[in-house]
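Comments concern the structure below.
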There are 4 protein chains.
Amino acid sequence: MKQVTIKAPGGLDNLVVSDVAEPAAPGAGEITVRLHASSLNYHDYRVCAIEGALPDGRIPMADGAGVVAAVGAGVEEFAVGDAVVSGFFPDWLDGDDRPSDFSTTPGDGRDGYARERVTLPATWVTHAPEGWSHEEASTITTAGLTAWRALVVDAGIKAGDTVAVLGTGGVSIYALQLAKAMGATVIATSSSDAKLERLRDLGADHVINYRSTPEWGEEMRRITDGRGVDIVVEVGGPATLAQSIVAGRPGAHIALIGVLTGRSGEIPTALLMARQQRLQGLIVGSRRQQIDFVRALETLELRPVIDRRFALADLAEAFRYQESGAHFGKICVTM
Amino acid sequence: MKQVTIKAPGGLDNLVVSDVAEPAAPGAGEITVRLHASSLNYHDYRVCAIEGALPDGRIPMADGAGVVAAVGAGVEEFAVGDAVVSGFFPDWLDGDDRPSDFSTTPGDGRDGYARERVTLPATWVTHAPEGWSHEEASTITTAGLTAWRALVVDAGIKAGDTVAVLGTGGVSIYALQLAKAMGATVIATSSSDAKLERLRDLGADHVINYRSTPEWGEEMRRITDGRGVDIVVEVGGPATLAQSIVAGRPGAHIALIGVLTGRSGEIPTALLMARQQRLQGLIVGSRRQQIDFVRALETLELRPVIDRRFALADLAEAFRYQESGAHFGKICVTM
Amino acid sequence: MKQVTIKAPGGLDNLVVSDVAEPAAPGAGEITVRLHASSLNYHDYRVCAIEGALPDGRIPMADGAGVVAAVGAGVEEFAVGDAVVSGFFPDWLDGDDRPSDFSTTPGDGRDGYARERVTLPATWVTHAPEGWSHEEASTITTAGLTAWRALVVDAGIKAGDTVAVLGTGGVSIYALQLAKAMGATVIATSSSDAKLERLRDLGADHVINYRSTPEWGEEMRRITDGRGVDIVVEVGGPATLAQSIVAGRPGAHIALIGVLTGRSGEIPTALLMARQQRLQGLIVGSRRQQIDFVRALETLELRPVIDRRFALADLAEAFRYQESGAHFGKICVTM
Amino acid sequence: MKQVTIKAPGGLDNLVVSDVAEPAAPGAGEITVRLHASSLNYHDYRVCAIEGALPDGRIPMADGAGVVAAVGAGVEEFAVGDAVVSGFFPDWLDGDDRPSDFSTTPGDGRDGYARERVTLPATWVTHAPEGWSHEEASTITTAGLTAWRALVVDAGIKAGDTVAVLGTGGVSIYALQLAKAMGATVIATSSSDAKLERLRDLGADHVINYRSTPEWGEEMRRITDGRGVDIVVEVGGPATLAQSIVAGRPGAHIALIGVLTGRSGEIPTALLMARQQRLQGLIVGSRRQQIDFVRALETLELRPVIDRRFALADLAEAFRYQESGAHFGKICVTM
């Protein structure tokens, strides 16, 4: 079977396709999955693009979706033929004991899903939503679950809330769709008027071009009649956080997800304090949250936006396309 | 102007229409409202139908919707012409300090809205959702806010949850509509197949005739593949609660609203304990919750189901129609 | 080594002591524990006393405390010599996915700890609080964790709250001690003035003899100047629940734990609703909650009240003593 | 009677003592309070010391404690002779609709309590804890309630938690005392070994001199065996926040209170995200929270630490002493 690994010292030029033996048959508590798709996230890009971020020989990609091909002894949750999707923190099953690094994350601290088959503990995956394509399902692992946890688990979104989403990455589009499906009003931003048009088509109630309106925080206050937004899905990081704080109402929930604009920066802490807002750092979520999310996706009508598909062998090219920023929604590789 | 009062000792035969002077102009912090509609709830029926429940001369009806006709000094929240709807607990503005009786409730401990005009503190009403008829708006006060609080405030409903609603009263239909609008799966019950059909039309995913399926709790477990429902909007009271406990998953939230079947009864507390469920008593909600709810209603597409309208003067007849149980959704009187 | 098993058809006369081989050495992920103590709970009593409740040959007792005697491969949490205490739901590690029966509980659905040694998965126990005797530690499994979860996890107790505890069983005394240690006011009940005196010595601010004051709910309202108590640790069940509802303030949290007075009964649901109270069924808690609780016990000064110790071989006698109701606090067996 | 006002353009040299007429008798819903003490907070200092922060003639001081001297019509909560303490946000009675500025705060947007008598709405004060001196009670308004809200309302502190408190200001010392009284472990910092000694005397389990240990975040991790602290009461602001994030466990709650070190600064947002921590901005709290807090204080043994008392006429001198940083605990003025 085919797989992609990173060759030391890393970087996109060192993603190598090779033919390897199929994985062993599943032991007790394990399953074998025939993988069909993975989707690209900023985290995957970063560890592949930065030299030294991954050890020699690591298989990249946190997201993986496919079909159960074999089931080991004692596994009752899955049967051969079931569509499944991988989890970002395979060891974080339930509860609040959250990881604080990527040492257990496939495609980072562990081998990921840039391969055609894998044998793994059954708890490392969940069922995929019925009727979803593998490409669609693969976007659940990272982008989808992050948006779900930010809005539903952490912020406790309710109908009538106003949610701000920033840009057109996978988390933001998922957040837009989820927020609309649960009765919220959504304000979305982008630097491209063409992308803003697409955000509107996906249901955004208000859109702002943050290039022509750099004080978009104030603009969001204006749109909400001075009230401020209830929830910000803050994927930008330090360069956007100040505007997010400006945008938020007193007591707003700001889901801090992003490092797109850096790992630290000048933050107006006094305004965060005066507005009595909550800045909640988060990385993806637990297996239990993914199970809840998949159940929700089977009820809701929404489907993730897939921008473009690449073959597994073209993973480096897919990352370069991601790097260009031209995409809208998720980029996938298929096996 | 016209108003309806109850004449001692009470009972539906003692609802009296009379002509009285218009209310005084609004003082500081007050507004005058031209009332256009009220809707009937079980609570209104009960206090009007039971002799001695209301003092002589009390104006019944907790629900009231209309238009602001005059604004007193210092009122900034409302302007003449605004559509407004009354609150069930006028003094419960915000927070968790909930009342435990009806001494402050219009139409019970205080005069209610079976009249054409009223002057009252501005905080006794909130804005009505834009574009709603007065009949529709009047259903928010009691039935609507109860459903909202049960599902959103107390149970923290999320997409993918399964919600059980019992019967076709105002709270249950609102709960069905809200749950569907927020991405939940709904199982509804009725003793009438015709009404079950209408519940399906309103979005119920599953319906159960509780007459032909008296063990409907087990049936709900079967429908959920043995998992049990996440939330029960329990409007029946002691006679239905045992089945609601059977229907609920471990950890289920049961919103205890109803006294339809009595004020006390045999409850399987050991099963409630073994299932580790939460039984949450509630009566309507606070002004703050109503404001949140109205904002949600302006985002969601749903409209309350109005069964039939009566003239204010025919209030007794309206209650008798309610008593018959033939209705589906809300009965209103208009002024 | 010695162990106690139940002989069909069960009942206290059928508790049999036998000599058996020591357990196998621990496999991967397992440890061997030299057990030193177990404590008796109503649940243990019930399944031992009722014919047919346990299968032939079952080892009773959910509570077990002792010292790690051997550690299997891959176990990092424990070392030989560590003092440990068993968990009531060994498979409920974390999160909110609570069991709804006793099929996984040692001494009920599985073999328990009425033996001198056991080899088990390391996750079936937690560390014991430093400096505690094994008898003391053994009371954590059931009584202690139940009180902790009721007050801290479910009710979110805060300093200044008023807590009602009923009777002098293990859960109630733990709840009294925990509530006092966290700054609450405690009202305790008993039918024995001598026991009330001991409750006072343990810190109870107010005591009520429920025999001489059968309307103790009203008495609790009087003590709280009409406000009502914030939390009731309701261990009695249907026969006491009505008074607990009377005692509670609007919005009170009633932790429903007990089946002492039966498995169902007449409950004033209308008053629960009018008071807008929350009745939360619970059974013990998760491993994560036990870890938190043990950490708390190492900070707090409190120690559980041990009434009397029996030898393992005298387990039936210990249960008969428990049956008599003469005890105050926990009864233990030691190995 | 005597009062202190600020003279334009402000600054400590422009605090003026004058003799004025006594306030009017209380109208409906009002009371007159004979003030006996106020305590100094950083907020009071800042608005008095910075030119232009207060309008000409403003009476400073948010904290005020005294005795009810007269009661207006309709006031039932208070009687003549009751000891009372003022609220920081007089209009924030209950619920979550938090202010985001100081426009309603006595001593800032409104006249404060640097005077001997005041007539005000009864809801602007609460009862003081029984048996407290007026100086002690006056510290509740700002410092006390801030610590209570941070630990109890927002962070949901439980026994066994580890709490980090920074420095020896009023909020930090209150937080230390409250955390100890509710069963937490406390790590405290100061730049003075003498003050660290006093923090130990007040119950701090661990102390760190942040001057000699500038990487005190890592030191807190070491003290907690690598686990990290559960709650940080972050009063420093941007210059200490980075270390607070380092100190916190995954999922830690950081109560963001302080602007002592500036209004914005370089924050390691990526670490906050990776640790999945919550940064909760807050300013003091609501009247309902103050009522809960006062009830807690009557149960707990703790008393606030009063460093030094000044006469009202020496308010400027008191602020200069505060400015010096020599104090430990609260500085009060008495009337």
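Descriptive notes on the structure:
- Yes/no for D:ALA204 being open to solvent by less than 30 Å² (accessible area, probe 1.4 Å) and either part of a loop (DSSP other than H, G, I, E, B) or within 14 Å of chain C (Cβ to nearest Cβ) (or both): yes
- Filtered residue count, segment B:88-107, keeping only those that are open to solvent by less than 50 Å² (accessible area, probe 1.4 Å) and within 16 Å of C:GLN276 (Cβ to Cβ): 10
- Hits in segment B:238-262 (condition: touching a helix residue (DSSP H, G or I) at 6+ places or on another chain (Cβ under 6 Å) and surrounded by fewer than 18 Cβ atoms within 10 Å (Cβ to Cβ)): B:THR261, B:GLY262
Quick grid of which residues meet (1) out of contact with any helix residue (DSSP H, G or I) (no Cβ under 6 Å at 6 or more places or on another chain); (2) open to solvent by 30 Å² or more (accessible area, probe 1.4 Å); (3) on the phi > 0 side of the Ramachandran plot:
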| site | (1), (2), (3) |
| --- | --- |
| A:LEU272 | no, no, no |
| A:LEU297 | yes, no, no |
| A:GLU301 | yes, yes, no |
| A:PRO304 | no, no, no |
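- Segment D:1-38, residues that are free of Cβ contacts under 8 Å to residues at least 24 places away in the same chain and open to solvent by 70 Å² or more (accessible area, probe 1.4 Å): D:ASP19, D:ALA21
- Residue that is nearest to B:GLY248 (Cα to Cα), among those in segment C:85-114 that are of a type in the set (Gly, Ala, Ser) and more than 7 Å from every other protein chain (Cβ to nearest Cβ): C:SER103
- Residue within segment B:186-201 that is in contact with a Pro (Cβ under 8 Å, 6 or more places away or on another chain), surrounded by 18 or more Cβ atoms within 10 Å (Cβ to Cβ) and under 17 Å from B:ALA252 (Cβ atoms) present: no
- Extreme residue, nearest to A:GLU234 (Cα to Cα), among residues of segment A:128-148 that are polar (S, T, N, Q) and surrounded by 24 or more Cβ atoms within 10 Å (Cβ to Cβ): A:THR146
- Residue in segment D:274-281 that is among the basic types (Lys, Arg), open to solvent by less than 40 Å² (accessible area, probe 1.4 Å) and under 19 Å from the mean Cα position of the chain (by Cα) present: no
- Looking only at residues in segment B:208-222 that are free of Cβ contacts under 8 Å to residues at least 40 places away in the same chain and either open to solvent by less than 10 Å² (accessible area, probe 1.4 Å) or within 30 Å of A:ALA179 (Cβ to Cβ) (or both), the one that is nearest to the other protein chains (Cβ to nearest Cβ) is B:GLY217.
- Filtered residue count, segment C:170-185, keeping only those that are open to solvent by 10 Å² or more (accessible area, probe 1.4 Å) and either charged (D, E, K, R) or out of contact with any Leu (no Cβ under 8 Å at 6 or more places or on another chain) (or both): 4
- Taking the criterion of being open to solvent by 20 Å² or more (accessible area, probe 1.4 Å) and either touching a residue at least 12 places away in the same chain (Cβ under 8 Å) or closer than 16 Å to B:SER190 by Cα (or both), the only residue of segment B:225-234 that qualifies is B:ARG227.
- Filter result for A:GLU323 (under 30 Å from A:HIS134 (Cα atoms), away from chain B (no Cβ under 14 Å) and free of Cβ contacts under 8 Å to residues at least 24 places away in the same chain): no
- Counting only helices (runs of 4 or more DSSP H) that sit completely within segment B:231-317, those holding 3 or more residues that are at the interface with another protein chain (Cβ under 7 Å from one of its Cβ atoms) correspond to B:269-274, B:287-299.
- Among the numbered conditions (1) within 14 Å of chain B (Cβ to nearest Cβ); (2) at pLDDT 95 or above; (3) within 30 Å of A:GLN277 (Cα to Cα); (4) open to solvent by 40 Å² or more (accessible area, probe 1.4 Å), the only one that D:GLU77 does not meet is (3).
- Residue in segment B:244-260 that is more than 16 Å from B:GLN277 (Cβ to Cβ) and small (Gly, Ala, Ser) present: yes
- Matching option when the condition is of a type in the set (Val, Ile, Thr) and within 14 Å of chain C (Cβ to nearest Cβ), among D:VAL153, D:VAL125, D:VAL165: D:VAL153
The values are calculated or read from the model by the stated rules, or taken from the named source; none is laboratory data. Computed from a predicted model, the values in this text were never measured in an experiment. Reconstructed Cβ throughout: ideal geometry from the backbone, glycine too, with neighbour counts over all protein chains shown. Quick note on the areas: whole protein, heavy atoms, side chains included, nothing else; ligands and nucleic acids left out. Shrake-Rupley method; radii C 1.70, N 1.55, O 1.52, S 1.80 Å.
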